[in-house]
1. Within the stretch 125-144, restricting attention to residues that are among the aliphatic types (A, V, I, L, M) and not in a strand (DSSP E or B), which residue is farthest from Asp37 (Cα to Cα)?
2. Which pairs turn up if I take residues in the stretch 133-149 that are over 24 Å from Pro15 (Cα atoms) and hydrophobic (A, V, I, L, M, F, W, C) and look for partners that are open to solvent by 20 Å² or more (accessible area, probe 1.4 Å) and in a strand (DSSP E or B) with beta carbon separation below 8 Å, at least 6 apart in sequence or on another chain?
3. Could you list, in sequence order, all residues of the stretch 119-176 that are open to solvent by less than 40 Å² (accessible area, probe 1.4 Å) and either at positive phi or hydroxyl-bearing (Ser, Thr, Tyr) (or both)?
4. Go through the stretch 1-28 and count every residue that is more than 21 Å from Val125 (Cα to Cα) and open to solvent by 50 Å² or more (accessible area, probe 1.4 Å).
Amino acid sequence: MSDPFVVAFVPGVTPGKWSRIWEDRMRRQPLELRPLDQAAALTALRDGTVRMALVRDVDADDELHVIPLYREQPVVVVPKDHPVTAFESVALSDLDGETLLDGQGADTVELVAANVGLAIMPQSVARAHSRRDVAARPLTDVPDTGIGLAWLQTDDDPRIQAFVGIVRGRTINSSR
């Protein structure tokens, strides 16, 4: 049994499907998925604690390879009885005069539920922290966010290409 192949993922990303495929194909290579916030995921990638990371809005550069995977719609999270809930979607200008909270964690959603303010976050993050006393509505004029798979340019571990193939949907018999 070899050392586990460690992949970090940021809140809102659900790597379960890729993990199941890895387990089917790479039985002798254990995979460890590690939930981390964005800053911790990038630090762990750079210091070698993880080999790859599923991150939000990171571009490739001289240090990192990044494969864009998908885009996410931003939403505004509001208390369940807020007037915004009457609409299918809203524009940022519809929120003029509202208190917008920083943060995208469960603690921020708790503040929204307590009527402290509203929060803007990717839809998957809002879904991960959903509660009965809050609602989320898509924002029509706020840039979306992108999820990408990142790894160090200098890392030549062959398991990286195996994971890239899984994430890109290659079958066991397909070639790069």
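1. So the residue we want is Val142.
2. These pairs meet every condition: Leu139/Ile120; Val142/Ile120.
3. Result: Ser124, Thr145.
4. Residues of the stretch 1-28 that are more than 21 Å from Val125 (Cα to Cα), as a first pass: 1-6, 20-28.
From what's left, open to solvent by 50 Å² or more (accessible area, probe 1.4 Å): 1, 3-4, 20, 23-25, 27-28.
Going through the stretch 1-28 one residue at a time, the tally reaches 9.
Table: residues versus (1) among the basic types (Lys, Arg); (2) open to solvent by 10 Å² or more (accessible area, probe 1.4 Å); (3) assigned to a strand (DSSP E or B).
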| position | (1), (2), (3) |
| --- | --- |
| Leu54 | no, no, yes |
| Asp61 | no, yes, no |
| Val66 | no, yes, yes |
| Leu69 | no, yes, yes |
| Val77 | no, no, yes |
| Thr85 | no, yes, no |
| Glu88 | no, yes, no |
| Asp94 | no, yes, no |
| Glu110 | no, yes, no |
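The values are calculated or read from the model by the stated rules, or taken from the named source; none is laboratory data. This is a predicted model, so every value here is computed, not measured. In this analysis, Cβ positions are derived from the backbone assuming ideal geometry, glycine residues included, and neighbour counts consider all displayed protein chains. To get the accessible areas, we keep the full protein, side chains included, count just its heavy atoms, and leave off ligands, DNA and RNA. Shrake-Rupley method; radii C 1.70, N 1.55, O 1.52, S 1.80 Å.
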